[in-house]
Structure formats: C-alpha cells, structure tokens
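To start, the structure under review is shown below, and the notes come after it.
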Amino acid sequence: MSLDGWLDSLPQQALDRVLDIVLGFDPQGQIIYANQTACSCLGHGRETLLGSHLSTIDTHISLENWPQIWQQLCQWQSFTHETQYARRDGQYFPVEVSVHHLHSQGQDYGLVFSHNISEQKLLQSALLDGERQLRRHNQALLELTSSEVLGRGDLPAGLQLITETAAQTLELARAGVWLYRDAQTLEGRDVYDARHDRHDTGALLHAQDCPGYFQSLGQVIPAHRAQSDPRTRDLTAVYLQPGDIRSLLAVPVWAGGQLVGVLTLEQVGTVHHWSLEEEHFASALANLVSMALAFWERRQAQVELEERILERTAALSEANQILLEQISERQRAETSLRLSEARFRSLVEQAADAIFLYDLDGQVIDANRQACELLGYSHTQLRQSTVSHLHPQWCPDHWQGLIPGEPRTIEGCAQHRDGGRFPVELSVGRLQLGEESYILSLVRDIRQRKRVEADLQQAKEAAEKASAYLATVIDHLADGLLVTDSEGRIARYNPALAGLLALATNDETLPLSPEMAHLQTLCSGRGSPYIAVAQLHPAIQELIQATLQNAAGVHQAEIPLAGQRVGKAVATAIHPQQFTCIGAVILIRDITADKELDQMKTDFISTVSHELRTPLTSVLGFAKIIQKKLDDTLFPEIHSDSPKVQRTMKQIEENLRIIITEGGRLTSLINDVLDIAKMESGKSEWHWEWLDINDLIRHAAAATDSLFTAKQLPLILDLAADLPQIQGDRDRLIQVLINLISNAVKFTDDGAVTCRSSLEQGQLVIQVRDTGMGIAPGDQEKIFEKFKQVGNTLTDKPQGTGLGLAICRHIIEHHGGQIGVVSELGKGSSFWFHLPVGVVPEPVVLDVDALVQQLREQVVPLPAGMAATKHILIVDDDTHIRELLKQELTQAGYHVQEARNGVEAIKQVGHNYPDLIILDVMMPEVNGFDVAAALKNNPTTANIPIIILSIVEDRQKGYRLGVDRYITKPFLMDNLLQEVNHLLAQGSERKKILVVSQHQTNLKCLTQALENQGDVLIEVTSPELASAQVQRFQPDMIIMDTLDAQGYQLARDLRLKQGLENVFFMLVTDQGSPGQSG
C-alpha cells in the first residue's frame, strides 16, 4: 500500500475528534499524519507538522538515536513511555506516549497516541499538600449535611450557615449565594463578610451591566485576577472595585436541571489562586445550596399544604368546587415535593465520594452510584447489605454514641464484592430527619494516599541520613562556607571560613526565621557560634545583599582574606520553594596562589608576545616583498617549459604562501594574548551602539562560511523574529560569535551546528549547539579560564592559546551578561550566553579616529611624481625593520634616511630637515616617546608629521605628545603607505576649523583631538556666536554637534548667507560618529 493509500485508510475524521494527540510517521521519523488535537496542542499548523521530524517535538528523540528507536519498534511492535513534547512557542509539556508499528503490503509505518499528563503530574505533586485541605473540606461538608438547619427547610438560616462555613473553611474574606430574580437579574440572598462577621442581603446584579459574567455563569469560573479575567472583568465597576475584590470563584447552582443561581467565594485586597480542591469544595457547597433550596421548597410545600388544609377544614360548608380546588392544590404540592426529592437524588449521585445511608441497625437504606462502583455491587445488592458486610471491622454498636451535628472521621477498610479489602477514610454522622434517625457515611478510597505516605516516610529517612552526611562534609570543606537567612543574618558557617577570615566568635545564638532554622537543622543538626555580619568585610556584606536582592543569578566577587591573601566568593540564593528566597549561601576559596601564578603567566606571555612582534613584522614584510617581486618581476621572466622548473616555482610560491599564512595565524595568537591582558587591566576600548543581535549572528555566519564548506557541515540558523535591540560593542560581540561558531566546527566531524536566538525572561539568549565530541563535566568550567584547553596537554595537539573562550567571557560579562556551556561526552556541546535588554550604555565616547579619518579625506591626495621630492626619516633600532621600510618606501618613490636610535634621529633632524618621520618607541639611550616630545616642543620641528610604528600599544600617550599617527606592529604595508601619503599631502599649512558645540565634554574632546593634528581651533559655546566668528575667522571647516532645528537653520544660514558654499560642514551625531554634509 502506498503512503497515500495508508493515509486514506486511517479514520481521519474520527481521529480528529480524539482528544489525544495522534501522529503518523514513516521509518525515517518524518511526520506524515497529524490530527487536529496534535496541531492545537503543539501550536503548529498541519502543513508545518507534516514532513517535520519527530525529534522537533519529542525531547527524547534525536536524529542520532532515531534508528535505534525504529529498530526497537519493529522488534517490539509497540511500547509505551513518558516523554516531553515541545510547543512551537518553546514551552514543554509531559505526555504519555503509546507507539505502534504498522505493516501493510510491504510498507512499514508508525502510529503514536500521546496523552497530555500535565494535570496528572500537577495532581501528583499537589496530592500531599492538598490532603489536609481535603479533610477539612470533607469535615465541613459532613457537618453541613448533618445539620438540622438544612433539614428543617429554613432557607435564610441554611444559606447563612453555608456562606459562613465556606468563608471560614477556606479562610476567605467573603462568600455569597446569589439567586436569579429573573433571567436578567441576580439577587444576593446572603453575602457573608467574614472580616466584620456580617450578613448582607438584597444586592442586585443586572445582565446589562455585566453581560460577559452572566454569559459565563453556566460553568465554574475560577477568576484568580477577577478585575482582568475576561469572564468577570465587567463586574469591576459595579461590584469588584468598590469592595476591593481581587479574586472571585463563581460556581453555578442547579436545581432540576435549571441554573437557579451562583455561589461566590471572594478574596479582598490580595490575589488568590483557586486550587482544584477549592473548586470541588465550592461545587459541593453549591450542591448543598441546591439541597437547601430543595428542603426549603419541600418545607414551603408542606407549610402551604397545611395552611390550605386548615383553611379548607374551616370552610367544610363551602361548595364542592372549593373541595376540588383543594385536591388540585395538594396534587401540585406533591409534584413539587417529588421534584425536590429528585433534585436531591441527583446531587447525591453526582458526588465524588461514595455515600451510604444506614438505619440504626446497620442496614443499607440507600447508596449513590460511586458507592456501587467502589465496592462492585449493584444498587439493589447494596440495599440488601449491612455495614458489617461492607466494613468487616465495623458494627452498629460503634455509632451508638454519635450525636447529630457532630460527625466523626476515621480510617478503616472496605471489602469489595470479590473479597479484596482496601483502606478507606470514613466520615460518619447521625442525621435526624423529623422523628427518624439515620447514619450518613461518606467513604473515600485512600489506597493511593497510603502508597504516597509510605514513599514519603522512606524519603524522610533517606533525607535524615543525607543530612548527617552533609553536615560532616560542610565541617570538613577546605573552602569557607557561609549561610545567611533572608534578612542577611548569619545562620551557618564552617571552620574553614572562620580560619580564612580570622573571625572571633562567641557562644550566643541569633534567632532565625522558621524556614532557615529548619534548613539549618537539615544541613547540620546544630547551629554555629554566633558572629555578627558587621565582622565581615564590606565586600562580603555587599555580595550578600546583592544575592538577596537578585535571587535569580550567581554572584561573584574577590574579597580580602586574613594575612594579606585574596579569596574568591561565589554566592547563590536558597530556594526551597518556588519563588521564595529564604537566604543565601556563599562559598569562599583562597585563590592567592592562583592569582600570583596567573599574573606571572600573563606577564610572561604578554612580554614574550610583545617581543615577538618585531621579528614577526620583519618576517611577514620581507615575505610579502619576496612574493611581490617573484610575481611581478622574476616569474614573468622565466619561460621554461621544464616540469622541474614549473614544479619548483609552484613550491616556492606555496612555501611563501605558507609563511605569510602562518605568520598571520601567529599574529592572531599574539593579539589574543595582548587582548586578554588589556581586558584584565581595564585598558580596552569599547564602542557602544544599538545593535540587532540577529544581524550580528548572520555576519558571524558569513565570516565562518568557509569553515563549514571545508568540513561539509551545515549551519542551521534558528533566529527568533522581532527581538529587541541591545546596547553593545559590535566588533566585540561578533568576535564572541565567530569564536563560538568556529569552535563548534573545529570539534564537529558529523552532524550539524545550530545557532539559535530567543528572548527569555527579559534577556536575549544565544545558543551555539554542535554534535561533536562533547566536554567532560570536570572540564566545562575550566575552558573559560586563561590558557586552559580540553584534553591531555602533554600528548594532544594544542588547538590555540586557550584564550578564545576567556576573551569571550570578559566581553559578555562586560556587557552585563553571562556565558556557559551544557555538554555531554559523545553527544556534543551547547554554548550559550545571555545579554540584558535595555541596559543603559556607557557614556558615549567621541570616535576621534573616525573624525580624523574624515578630516584626512578632505585633503587632496599627493599628486603623482611629488613623492620624489619628499624625504622620510626611519628611526628604529632593528636593522631588519629599517631595511623593510626602506625597500617599500624607496619603491614608492620616497628618499629615505635611517637612524638607529633616538639620539641619531634628533641629530639628523637638526642637519637634514625631513618631510616625515617614522619612529619606533622601544630604543636604546632615548626612546621614541622622548624623541617625539623633543621634536613637537621645538618650534622649528613641531610641524614635521610623525608616525609611531611600535610594538607598544599606548596611543593616548602618543597623541598627547602630538604624534600624527600611531600604528602597531605587525602592520599592513599598504596602510602605512596610505598614512604616509595623507600626511605628506597635507603639507605644513595649518587648517582653520570652527567648532560649534553646546556640550563641554564634546568640545573638550574635539579640541584636544584636533590640536594634536596641528589644527587651529575656535571654541564657540552657542550657535548665536557662530555667525560673528565666521565673519572674522573665515574657517576651512565647520564642525557642529547641535542637531536640533536651531542647528540645522544655522548651518543653512551660514552656507547660503555668509558665502560659505565651498566650506566643508561636519555634523557629529549623538552616537559619537561623524556624519558629513557636502
């Protein structure tokens, strides 16, 4: 049978009406059929589900384990298990799955029936918590059913008793019974206010004022937030808001199959979440209201009947017609009585518990449907039984002492028709109906409860053993452990902490909250000697407060220890119950030796990296010169067809390419080392702007595309739409993404790499997941430390410097986020990081480099042929660097002079005035910074452009001294030649620049940056003064940061009215980047 034939054979219309999820799939795990329930529960359209793999919805299925699952299904034909399904919105819900193998006409298929067991799970977890509440509810219901008030048909007293019992049992502010006056009006027959112990009547609710509420009254309405719930919010103005009612539970009251009113439970001032037990209790109360109405109707009928009989007895002499009317009235009353009894019977039949009615001799008078199902008897058989037969340990003598209105609840056993016995809970009360006495018994099956209680006892014993073990472990921890309560008071600490902090203790104890006292008992069985929080270092006190105020995260801090040592403190909040923080736990480790070793390692690597830059610059520079000369000069002159010559030429070309490529890789490694050193010292520069995280992910994906092509791996982008923008450094975040994606490719041979973005709890979450080798649990935290790599460092080939992930962590934490990994050996890794949304950015720093770049672009480039007239002085103590620069500059047409150190440089400048100086920093006798200071402070040499070319990264110092450009080694020769050309093209003429700014910070920054370039500045603090300054000064350029309407009007007036059509205008935006105007 074909696939289409198999689908046609399914009863699809019937399956669409099935409440469970039904999915059909082929041997590859592709979904080929989904019923309507599947589409609704999973949040997908049918066309989306069809063709997708089961692993997209079933968390226990993956593309890797699917072949084994299919093989098991073919072998077993069917199996059942529990798993979790994923909805389209990312939510998960538990299901019980029944999978069946089908085979028809040579084709194999699978069919899975899935039942949502979320409620079952919730009920199981809430079973113990609700047991006491259920008993209390049953006790209250039994007292009500045994009450003489309801039996005598006194409706006002009965309603008061029901509303008082409801409010007191559930500890609510208000409870009420509302009955329909007509189809459009509800009347409050009794509304009880427990706060003031007051009953009110007569209030009216009209359908025209609250139509949505009236339309919803046919069903139970558990409105946790009544003023916003769609079913009750139109009650807000007329009823809820005046009484400050926040939560409302409304249960319909039925009588004879008709809706006659509603029972309401109300919470005032605070929000109350209605439990299923409370709904059941309220439904039982509503049934009691129905019963009270039935008794009242019967009583009214009896009273009416008696009154009419008396009237007719007094008027026996009246006509026979009156007698006939009396008979008719009596018949109507009897009919009403039968209807009332039928309603009462319906109430009893709908009860969830088994209900028995005995006479005083123990004979069963009546029983409901649940009683028959519980014991396995028919209704007729039960009425022929006695209490001793149904409950062997119970006899009529046991209830001789029962008093009406005082029921008892006991545990016993019941005997099924098949002879089996099982535990039950019996609520027994004496019921007085007129002159007759009966015994009413409510029986509940408690087999499940007994099993749970046994499991709880075992768990308690295991917990006590674990607690004793935990106390011993805490006292013998090498690290310091500190526990506080929710107020920040110290509740527990171990001996190691006292030693690390050199704390003085005494024998006093501090009173704690009940929750923390209980937790302290579980953890140790005893308290710790008292120490005051004030004895702790302020850094620890701040860490405690930060943890208690933000209980969701993990908080870390470095703190001083006794003896001039340093410790690392990690703090988390204690959550024994969901959404409740009862304290904090802080773990303190002495990291003095680690810090010293880490600093030594960083200093050593940083020094070596700096020293490698100079020879690396020479190697790369000369390699590129050789490559260029071979390509441009030597290879074109070789016309030999000899295979040996051609092979040699290719080998030379490939060897040079390898030298340049490996040199670039070494440069990248050195830059990583220096990058982490700058981050740790706080000297890194950050450029903040608004960013779209999905754009950054796509950029990183494009940058790593070649890696995926080389390994033939797919990159899957799962990017959520409409994510909010964040404030961040674009290049740094792209650096993090590229590092994570490239690592995923590096360690993955088969499968795929997935990059996902989402918004969770107000934070952007980025995940990079691979199907590679995975990371052992013990290595997952180490990989974010400097110079740490996974594997055996003595035998395995290193995969880099071990700094990539350490740099990533610095970048993410600087953005206020967190980074981590979830991994399992052999199953791949998932690296993730969180970024906060709406973070206030750091103060915007004017991008001086961008500003200077635009200024340079306004200078006319050096005309061809003019280079021959320009003299350039190279100052560097490294012979190879001087030779490299000399060859490139000579090739470009410049005259080159050389100086080996700062002293020679100053002398040569005095004898032979150069047009430009290329200056190293680290030189013997006089360093480059001192040479630049001497030349820039001498009026005769101050205008000579200076380019610093050094391994030392201290741009700020260089620009403060007045140098024109600052380039670090290794460098790109094309960039250096471009800077040389720009500076020589400017000449010695100083530019006149007018700055129009109302912001003192921007004004000062612009002034300093442009003065370092040798430009003349005029400071103008308001646009009003700009016009006068233009008339007097006649500038070459105008820079403005006043971008309001007044600023635009000023720019237009200056250009059109002042004759400045050819003057260059530059507008500096609020993002710190310049924008130009022609």
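State whether the residues of region 180-198 include one that is among the hydroxyl-bearing types (S, T, Y), closer than 30 Å to L122 by Cβ and either surrounded by 17 or more Cβ atoms within 10 Å (Cβ to Cβ) or free of Cβ contacts under 8 Å to residues at least 24 places away in the same chain (or both). Give the steps one after another, and end with the answer.
In the first step, residues of region 180-198 are kept if they are among the hydroxyl-bearing types (S, T, Y); the result is 180, 185, 192.
Narrowing the set further to residues that are closer than 30 Å to L122 by Cβ leaves none.
Checked region 180-198: no residue is among the hydroxyl-bearing types (S, T, Y), closer than 30 Å to L122 by Cβ and either surrounded by 17 or more Cβ atoms within 10 Å (Cβ to Cβ) or free of Cβ contacts under 8 Å to residues at least 24 places away in the same chain (or both).
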Exactly one condition in (1) without any contact (Cβ under 8 Å) to a residue 12 or more places away in the chain; (2) more than 39 Å from the chain's Cα centre (by Cα) is not met by S147; state its number.
-> (1)
In region 874-921, what count of residues is obtained for those that are in a helix (DSSP H, G or I) and farther than 17 Å from F971 by Cβ?
-> 12
Can we say L935 is farther than 17 Å from T879 by Cα and crowded, with 18+ Cβ neighbours inside 10 Å?
-> yes
Condition met for A250 (within 22 Å of L159 (Cβ to Cβ), of a type outside the set (D, E), in a helix (DSSP H, G or I) and in contact with a Pro (Cβ under 9 Å, 6 or more places away or on another chain)) | no
Hits in region 922-931 - residues which are in contact with a strand residue (DSSP E or B) (Cβ under 6 Å, 6 or more places away or on another chain) and either assigned to a loop (DSSP other than H, G, I, E, B) or surrounded by fewer than 22 Cβ atoms within 10 Å (Cβ to Cβ) (or both) | none
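Would you pick out the residues in region 50-96 that are in a loop (DSSP other than H, G, I, E, B) and over 29 Å from the mean Cα position of the chain (by Cα)? Let's see the steps before the verdict.
Within region 50-96, the first condition is being in a loop (DSSP other than H, G, I, E, B), and the residues that meet it are 50-52, 57, 59-65, 77, 87-91.
Result: L50, G51, Q77.
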Using the structure shown, decide if L634 is modelled with pLDDT under 70 and either more than 50 Å from the chain's Cα centre (by Cα) or outside the structural domain of I967 (by TED's automatic domain parsing) (or both).
-> no
Exception for E47 within (1) outside any loop (DSSP other than H, G, I, E, B); (2) surrounded by fewer than 17 Cβ atoms within 10 Å (Cβ to Cβ); (3) at pLDDT below 90; (4) in contact with a strand residue (DSSP E or B) (Cβ under 9 Å, 6 or more places away or on another chain) falls at (4)
Pairs, please: C-beta under 6 Å, at least 6 apart or cross-chain, first residue at negative phi and of a type in the set (A, V, I, L, M) and in region 939-965, second in a loop (DSSP other than H, G, I, E, B) and buried (at least 17 other Cβ atoms within 10 Å of the Cβ)?
-> I946/V963; I946/D964; I948/V963; I951/K969; V952/V921
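Is it the case, given these coordinates, that V852 is at pLDDT below 85 and assigned to a loop (DSSP other than H, G, I, E, B)? Please lay out each step first, then the result.
Numbers: at pLDDT below 85: yes; assigned to a loop (DSSP other than H, G, I, E, B): no.
Criteria not met by V852.
Filter region 263-273 down to the residues that are of a type outside the set (S, T, Y), part of a strand (DSSP E or B) and crowded, with 22+ Cβ neighbours inside 10 Å and list them by number.
Filtering region 263-273 down to residues of a type outside the set (S, T, Y) leaves 263, 265-269, 271-273.
Filter again for part of a strand (DSSP E or B), leaving 263, 265-268.
Listed by number, the residues that qualify are L263, L265, E266, Q267.
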Under 7 Å between Cβ atoms, at least 6 apart or on separate chains: pull out the pairs that start in region 911-934 with a residue that is farther than 19 Å from Y966 by Cβ and touching a residue at least 24 places away in the same chain (Cβ under 8 Å) and end on any residue that is surrounded by 23 or more Cβ atoms within 10 Å (Cβ to Cβ) and of a type in the set (G, A, S).
-> E925/G902
Residues that are over 19 Å from Q818 (Cβ atoms) and of a type outside the set (K, R), drawn from region 721-733 = A721, D722, Q725, D731
Kindly indicate which of D718, D695, D770 is without any contact (Cβ under 8 Å) to a residue 24 or more places away in the chain and out of contact with any His (no Cβ under 8 Å at 6 or more places or on another chain).
-> D695
Every pair of residues 6+ apart whose Cβ atoms lie under 6 Å, when the first sits in region 442-459 and is free of Cβ contacts under 8 Å to residues at least 40 places away in the same chain while the second is among the acidic types (D, E) and surrounded by 10 or more Cβ atoms within 10 Å (Cβ to Cβ) = I446/E425
Which of the residues that make up region 427-444 are among the polar types (S, T, N, Q) and over 21 Å from R299 (Cα atoms)?
-> S427, S441
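Just checking, which of Y85, Y109 is in contact (Cβ under 8 Å) with a residue 40 or more places away in the chain, outside the structural domain of W178 (by TED's automatic domain parsing), buried (at least 16 other Cβ atoms within 10 Å of the Cβ) and closer than 27 Å to S275 by Cβ? Before you say what the answer is, go through the steps one by one.
On the way: Y109 fails: closer than 27 Å to S275 by Cβ.
Going through Y85, Y109 in turn, just one is in contact (Cβ under 8 Å) with a residue 40 or more places away in the chain, outside the structural domain of W178 (by TED's automatic domain parsing), buried (at least 16 other Cβ atoms within 10 Å of the Cβ) and closer than 27 Å to S275 by Cβ: Y85.
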Top-ranked residue in region 704-725 [being at pLDDT below 90 and among the β-branched types (V, I, T); ranked as nearest to G804 (Cα to Cα)] = T704
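Kindly provide the set of residues from region 88-101 that are free of Cβ contacts under 8 Å to residues at least 40 places away in the same chain and of a type outside the set (F, W, Y), ordered by number.
The answer is Q91, P94, E96, V97, S98, V99, H100, H101.
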Failed condition for S467, given (1) surrounded by fewer than 13 Cβ atoms within 10 Å (Cβ to Cβ); (2) in contact with a Ser or Thr (Cβ under 9 Å, 6 or more places away or on another chain); (3) not aliphatic (A, V, I, L, M) | (1)
Can you tell me how many residues in region 248-271 are in contact with a Lys or Arg (Cβ under 7 Å, 6 or more places away or on another chain) and over 21 Å from L204 (Cβ atoms)?
-> 5
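Matching residues to (1) modelled with pLDDT of 80 or more; (2) under 22 Å from L161 (Cβ atoms); (3) not assigned by TED's automatic domain parsing to the domain that holds E143:
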site	(1), (2), (3)
A284	yes, yes, no
E307	no, no, yes
A319	no, no, yes
I327	no, no, yes
R343	no, yes, yes
V348	no, yes, yes
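Given R444, R451, which one is surrounded by 10 or more Cβ atoms within 10 Å (Cβ to Cβ), of a type outside the set (A, V, I, L, M) and closer than 30 Å to Q400 by Cα? First the steps, then the outcome.
Details: R451 fails: closer than 30 Å to Q400 by Cα.
Going through R444, R451 in turn, just one is surrounded by 10 or more Cβ atoms within 10 Å (Cβ to Cβ), of a type outside the set (A, V, I, L, M) and closer than 30 Å to Q400 by Cα: R444.
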Would you mention how many residues in region 968-1002 are of a type in the set (S, T, N, Q), modelled with pLDDT of 65 or more and either closer than 16 Å to Q887 by Cα or over 47 Å from the mean Cα position of the chain (by Cα) (or both)?
-> 4
Could you tell me whether any residue of region 248-262 is assigned by TED's automatic domain parsing to the domain that holds A173, buried (at least 16 other Cβ atoms within 10 Å of the Cβ) and polar (S, T, N, Q)?
-> no
Which members of region 739-756 meet the condition of being within 20 Å of P836 (Cα to Cα) and crowded, with 19+ Cβ neighbours inside 10 Å?
-> L740, C755
Of (1) at pLDDT below 90; (2) buried (at least 16 other Cβ atoms within 10 Å of the Cβ), G202 satisfies all except one. Which?
-> (2)
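The values are calculated or read from the model by the stated rules, or taken from the named source; none is laboratory data. Here the structure is a predicted model, which means the values were calculated and not measured. Using ideal geometry, Cβ is built from the backbone for each residue, glycine included, and neighbour counts are taken over all protein chains shown.
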